[in-house]
Amino acid sequence: MARSEGLICKLCLVCSVIVNLFFGLNLYVGRHGVWGWKWSSDEANVRGLSWSGKAAAEAESAAAQECSGHGRAYLDGVVVDGRPVCECSTCYGGPDCSLFLPSCSANADGGDPLFLEPFWKQHAESSAVVVAGWHRMSYSFSDETTLSKELESQLRRLHSLVGNAITDGKYILFGAGSTQLLNAAVHALSPHNSSLPAKAVASIPYYALYQAQTEFFDSADCSFQGDPAQWKNATNTTGDIIEFVTAPNNPNGHLNEAVLHGPNVKTIHDRAYYWPHFTGIPSPADEDITIFTISKLTGHAGSRFGWALIRNEEVFQRMNMYLQLNTMGVSRDTQLRALKLLKVIVEDGGREIFEFGYKTMTKRWDRLRKTLSVSNRFSLQKVPPVNCTYFQKARDPTPAYAWVKCEREEDRNCIEILNAAKILGRGGSVFHDDDRYARLSLIRSNDDFDMLISRLESLVSREDGVKIMQS
Ligand SMILES: Cc1ncc(COP(=O)(O)O)c(C=O)c1O
């Protein structure tokens, strides 16, 4: 008995020496290790760092929470038991989001662009940002501006790679999302100290914010007047007109063009969706004011970053004045984040993100079309194919939103019918169109989109004579 105990003790000792030798050698030999056991690049890098390791570990710990694949935990989320809690997708609940809530409504409302979230998870390393506690504490950059020159040059590079806008000879301004820039543009284009305010117009159906913002800020220099068609043949129109042109349009995805032209007409081109995820790029935009946003390019709506390309110096100065008085420019932290994200895109000429976005949107449109193809009750907008200079082919547009029409005479309020079938979206009147239409978002998370298709399938299956083929 005593002999066998002694043997076991010796064996343990030998094992312990071998294990210690293995790990000791790995530490000593460094990142290449012994027996091909390598340090990952993260481990190797973190070992040489001083103050950022703990922050990186915290960020990774929050990101590592799987939330059953139906939610996400964020560093700044509510903390329970020392960890940020899971924030679940619409139809999931429970502490780890594993609980499916079968009676919930599919959320196809709003414009949250979470369809790009899987892309950023695949690019976790290249897109992460570490921010030092003392990062850019000043009001301004060292050149006394509030704009990062590096970010400006990445934006110019991006447009030239994608071919969706000419930036040569244009000024660039940053805004807290395109939302802020849209009103800065209205301010800059409105006459000052004139007894005749400008009329702001947008073709129906239009993005509701144009009217809401113009009316809310209630400037003496500009008032919202609805659809431009009423001014098209009015040769004796006095005063300036500011036309919002949205291409592709929210809600219906059409590549709108300006309706009004003439010396008293000024145009604001909103190109939030002019990216290969959503449309072919027939030619680069070369307009007096063109507004873009990362919200629908990278999907980071929460970072609040947009930019405007402006031809005329005086308009640039007036917009800049608005932005300085309003927020003193865009948060430097946001500019840093935007820079990092753009670098990921620009690095491979946008190939990966645009292929991902285009593929995701194409699959979603295919599923939606298939689901509604058996329906006589609901129809979808038709947007003609366009030549895409970026993908070098003609392609069908894959708009961010479905503009659904309820075809039955008695279905006058389409969103009510969808709501009753547990589908959330926006009614046509929100876009100043007929309530026979409703907008459904196709750019939300995979969970939201799957739920939308499931709810639509059961709605359509209740139509007389419909046989559903399972997708
Ligand atoms: C046409 C259009 N313009 C502007 C915006 C606002 O975007 P941002 O997040 O940049 O303020 C949206 C948002 O949905 C939009 O659809």
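Observations
- Note on Leu99 and Ala208: the model spin-label points, each 7 Å out from Cα along the C-beta direction, lie 3.1 nm apart.
- Cα→Cβ-extended label distance, 7 Å offset, between Val78 and Asn264, nm: 5.6 nm
- Relative to the longest principal axis of the Cα atoms of the chain, the long axis of helix 53-63 makes an angle of roughly 70 degrees.
- Taking 0.36 nm per residue of sequence separation and removing the Cα-Cα distance, the Asp435/Asp286 pair yields an extension gain of 50.2 nm.
- For Lys359 and Asp464, the FRET efficiency from 1/(1 + (r/R0)^6), where r spans their Cβ atoms and R0 equals 45 Å, is about 0.80.
- Rel. contact order, % - alpha carbon contacts under 8 angstrom, at least six apart, the stretch 346-471: 25 percent
- Normalised by the number of residues in the chain, the average gap of Cα pairs under 8 Å and 6 or more apart makes the relative contact order 18 percent.
- For the stretch 149-347, the relative contact order works out to 31 percent when only alpha carbon pairs closer than 8 Å and six or more residues apart are counted.
- Alpha-carbon Rg with Dmax, taken over the stretch 149-347, Å: 16.3, 52
- Extreme residue, positive dipole direction of the stretch 362-471, given options Leu459, Leu380, Ala394 (C-beta unit charges): Ala394
- Over the C-alpha trace of the stretch 351-461, radius of gyration and Dmax come out as 14.7, 47 angstrom.
- Across the stretch 279-286, computed HN-Hα scalar couplings (Karplus, 6.51 cos²θ - 1.76 cosθ + 1.60, θ = phi - 60°) run 8, x, 10, x, 6, x, 5, 9 Hz from first to last residue, x flagging Gly and Pro.
- Here, the chain has an Rg and a Dmax of 27.2, 113 Å when only alpha carbons are counted.
- The stretch 136-181-the stretch 393-422 distance, computed between alpha-carbon centres (Å): 36 Å
- Here the label points at Asn376 and Leu49, each 7 Å from Cα along the C-beta direction, are separated by 6.3 nm in the simple model.
Bear in mind that the values in this text are calculations on the coordinates, not laboratory data. Bear in mind that the values here come from a model prediction, so they are computed numbers and not experimental data. A quick note on method: Cβ atoms are made from the backbone with ideal geometry, for glycine too, and the neighbour counts reach across all protein chains shown.
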